[in-house]
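Peer 1: Quick one: the structure is below, and I'll ask about it shortly.
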Amino acid sequence: MASPPPPPAPSVSPPVPPYVIALADDLSGAAETARALGGPVRLSLAAPDVAEIAAAHDLVVDLNTRHLPPAEAANAVRTALRAARTAPPRLLYKKVDSQLRGNLAAEAAVYAEGAQAVVIAPTLPAARRTVTGGVVHVNGVPLHRTDGWRAERAAAPRSLPEALSGLPVCTVPLDVVRSEPAVLDAEFRRIAASGAHPAADAETDADLDAVAAAALRLGPGFRLLGSGGLAAALGRALVRPATAATPAPSPAQDSDPLLFVVGTAEPGAVAQIAHLTALGAHHVPLDPADLAAGTVSLPRTAVAPALTVFSIDGSAGLRPGAGRALSAALAALAAAYPGRPDLVLTGGETARTTLDALGIRELEPLGEIHHGAVHSRTPEGRRVVTRPGSYGAEDSLLRIAVALRPRLAAATAAT
């Protein structure tokens, strides 16, 4: 009997640059990606910065396209990619929502232009979001059977190929992802040669490590598109030049006010806020109709409370598609808040509109308080924590408050 043919030889590709240009569609995702990549990083809210990068660091840009019309979102990605071609060589990464929200199809189609293939993997193990059979699962439940799209105008897609309608996609089964590297490389090459793009099943960080490593072996023509989970795998796979250690940031002042702007429609936000009010936080629930009408104003106070929480009162239900107007109204209130408070911003659109209202164009990520809750500093020294609306356990906001204001730890222990 003839011996079986040997597996294909490992790929040999040109060396890849060790730094990344990552394009995100909202600010909380951009901050998550900046921390996930793990190298020296700059987080910009200005797309033209893509053309100006020269330093030895990653650049993550929030294109702020999550709620734009599809054609405008696609054009923003195209403009950023055009600028990237004039910068020193960098790996390209496209950050997408792990629940496939936003202008995924329109942005991915543009991102694929000029690429040999786009390797797609939105799995996010830390948030229990996995992909099997080309279907995104949240806590083991198919995405389209969850309420993850409750605030969207459309129904959740039933699969990655459906979500990426218009872009030819071929699912890579989990057993192939977990096979020998040469086998996975060959499958990615085969799919690319057919004119399609590989969408990899993945459940664990190890699966994502295999996907990222394969894309790097195949060269810069294979671009990566995924969540913060794949960004972290890319960061682990890259060999960075040695850099000097970054000095530890000085602690925030306990005397400075701390303002939470909770712009998420997630039901869990109610319990998260309750932990803060138990510590004496001043909670301002805002009626969505009054917010949209612009009839909310802040009472005048001589001294801002130590902890204040703005949130949208969702007791009457939220109207799908109203998020952008509500985020803008919340941002205007935050910008009018007295003094210069440190900020905790939940929900990517809320975070971006608030920073825009304050004229903040750049963040320096300092660390992660818990998964997705990224602690950053503005050039002027203000502390900002961004967190996706759907992230965080019941004590999420409390943990953030204690991290920024350590004196609260004693009060927490007493409750």
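Peer 1: How do 24-31, 210-217, 78-85 rank on mean C-beta neighbours within 10 Å, highest first?
Peer 2: Working: 24-31: 28.9, 210-217: 23.8, 78-85: 16.5.
Going from most to least packed, we get 24-31, 210-217, 78-85.
Peer 1: If I model a spin label at residue 313 and residue 153 as a point 7 Å from the Cα along the Cα→Cβ vector, what separation in nanometres do I get?
Peer 2: Rounded to a tenth, the inter-label distance reads 2.8 nm.
Peer 1: Starting from 0.36 nm per residue, how many nanometres of slack lie between residue 78 and residue 194 once their C-alpha separation is accounted for?
Peer 2: Full extension of this stretch gives 39.4 nm more.
Peer 1: Another question, if that's okay. Given labels modelled 7 Å from the Cα in the Cβ direction, how far is it in nm from residue 361 to residue 56?
Peer 2: Between residue 361 and residue 56, the simple spin-label model gives 2.7 nm.
Peer 1: Can you find, among 120, 216, 183, the residue sitting farthest towards the positive end of the charge dipole of the range 113-226, where Lys and Arg contribute +1 and Asp and Glu -1 at Cβ?
Peer 2: 120
Peer 1: Hey, for a label at residue 335 modelled as a point 7 Å past Cα toward Cβ, could you say which residues of the range 273-297 have their backbone N under 15 Å away?
Peer 2: 294, by backbone N distance to the label point.
Each reported figure results from applying straightforward, stated rules to the coordinates on display, with no laboratory input. Worth saying up front: this structure is predicted, and the values here are computed from it rather than measured. Cβ: placed from backbone, ideal geometry, glycine included. Neighbour counts: every protein chain shown.
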